[in-house]
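Encoded as structure tokens, the structure appears first; notes follow it.
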Amino acid sequence: MFDNLSDRLGTVFDRLRGRGALSEQEVRDAMREVRVALLEADVALPVVRRFIDAVTEKAIGAEVLKSVTPGQQVVKIVNDELVEMLGGEAVEGLNLDARPPVVIMMVGLQGSGKTTTTAKLAKFLKEKHGKKALMASLDVNRPAAQEQLAVLGEQVSVATLPIVQGQQPVDIARRAMESARLQAADVLLLDTAGRLHVDEALMAEMKAVAGISSPNEVLLVVDSLTGQDAVNVARSFTEEVPLTGVVLTRMDGDARGGAALSMRHVTGKPIKFAGTGEKLDALEAFDPKRVAGRILG
Ligand code: GDP
């Protein structure tokens with residue numbers, strides 16, 4: 001993850017760091033290289049523009065260029081702006097502040113890792129927060145989707161809603177809420193259906209489910225390997241459903257970084273978790289500072 005971007009930025013900043021003096025032109029030249037590196041990493045153009053403008057403005061300020069370590073100061077400015085771009089302060093987990101069962105709705109396209117992430121979150125809530133969870137799959141489109149969640153539920157020892165064939169998503173959601181209440185579950189995780197593309201039927205279904213379940217959290221699950229596509233998917237979902245956060249999956253892969261770096265700006269919502277593997281404990285709270293540190297090496 002970020003390897004290429006990290007190498008490219010490393011080359012630019014190694015050169016700057018060693019300098020005892022730096023001219024405005026040299027900063028601008030370095031920023032031109034950073035711009036190309038970010039675009040090649042698939043970061044959305046408006047996000048790149050804003051980043052370069054912010055860094056340039058701060059870096060050519062008199063105090064920086066006249067200081068004894070101008071290169072290092074520029075690198076620090078870049079680091080701070082990267083942290084901002086990734087969302088600033090880490091968002092501590094989930095908002096569970098409501099009368100139980102607190103509903104967490106998982107949305108996203110098919111194959112994004114939604115079902116796996118639902119099980120990972122249930123395990124996380126159980127082990128880290130001591131919460132009793134119930135999971136329900138509302139995916140009636142993909143054959144065996146509901147069974148898949150049941151299998152994962154057994155693996156993480158979290159209850160899943162019994163499957164009733166032929167029920168529609170809104171009815172399953174109603175049954176899940178009733179069941180969560182009866183079982184005195186703290187949290188109800190709704191794994192909604194995904195499709196291959198964003199379409200009207202999918203959005204109408206999301207809205208109907210959100211309408212009856214009043215979720216505390218609506219988490220969009222996106223595959224970080226899909227770069228700009230992930231950002232476009234996020235933009236569509238943001239316009240239609242009240243997202244509260246994003247989970248980026250496959251952060252263990254060799255994604256170029258565009259999705260992670262553009263997501264905050266495009267959705268206005270925090271990246272709350274990163275999926276870092278297929279195993280059900282491969283879920284990390286997303287920490288912008290740590291990720292920026294990793295990018296800058
Ligand atoms: P869904 O269609 O969105 O529900 O996707 P699934 O949860 O079925 O995931 C699709 C595939 O991606 C499965 O093989 C998962 O094991 C895998 N997967 C999910 N999250 C991650 C992740 O963070 N890293 C890796 N390497 N694989 C993941």
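The values are calculated or read from the model by the stated rules, or taken from the named source; none is laboratory data. Not measured: the values here are computed from a predicted model. Here the Cβ is made from the backbone with ideal geometry for all residues, glycine too, and neighbour counts use every protein chain on show. Note: accessible area is taken over every heavy atom of the protein model, side chains too, but ligands, DNA and RNA are not part of it. Shrake-Rupley method; radii C 1.70, N 1.55, O 1.52, S 1.80 Å.
For this structure, a couple of remarks:
- Between LEU283 and THR276, the built amide H atoms are under 5 Å apart, and every one of these is 5 or more places off in sequence or on another chain.
- Relative to the longest principal axis of the Cα atoms of the chain, helix 3-17 runs at roughly 30 degrees.
- Helix 114-129 vs. the chain, principal-axis angle (Cα, 0 to 90°, nearest 10): 90 degrees
- Of the cross-linked pairs LYS120/LYS279; LYS207/LYS272; LYS132/LYS269; LYS126/LYS289; LYS128/LYS272; LYS128/LYS269, those separated by over 18 Å at the C-alpha level are LYS207/LYS272; LYS132/LYS269; LYS126/LYS289; LYS128/LYS269.
- Computed over the chain with a Gaussian network model linking Cα atoms closer than 10 Å, the most mobile of MET31, MET177, MET135 is MET31.
- Listed by chain and number, the aspartates and glutamates whose C-alpha is less than 20 Å from the C-alpha of LYS58, apart from same-chain residues fewer than 8 away, are ASP14, GLU24, GLU26, ASP29, GLU33, ASP80, GLU81, GLU84.
- Crossing angle, helix 258-267 versus the chain [Cα axis fit, 0-90 degrees, rounded to tens]: 70 degrees
- Residue-normalised accessible area of segment 192-232, given per residue in Å² at a 1.4 Å probe: 39 Å²
- Accessible area in square angstrom per residue, segment 1-150, 1.4 angstrom probe: 47 Å²
- Gaussian network model of the chain, springs between alpha carbon atoms under 10 Å - residue of LEU86, LEU248, LEU125 with greatest fluctuation: LEU125
- Residues THR56, THR276 ordered from highest to lowest accessible area at a 1.4 Å probe: THR276, THR56.
- Förster-model FRET efficiency, 51 Å R0, ARG181 and ARG19, C-beta, rounded to 0.05: 0.20
- Segment 1-25-segment 109-172 distance, computed between alpha-carbon centres (Å): 45 Å
- Within the accessible area of the chain (1.4 Å probe), percent carbon and sulfur: 48 percent
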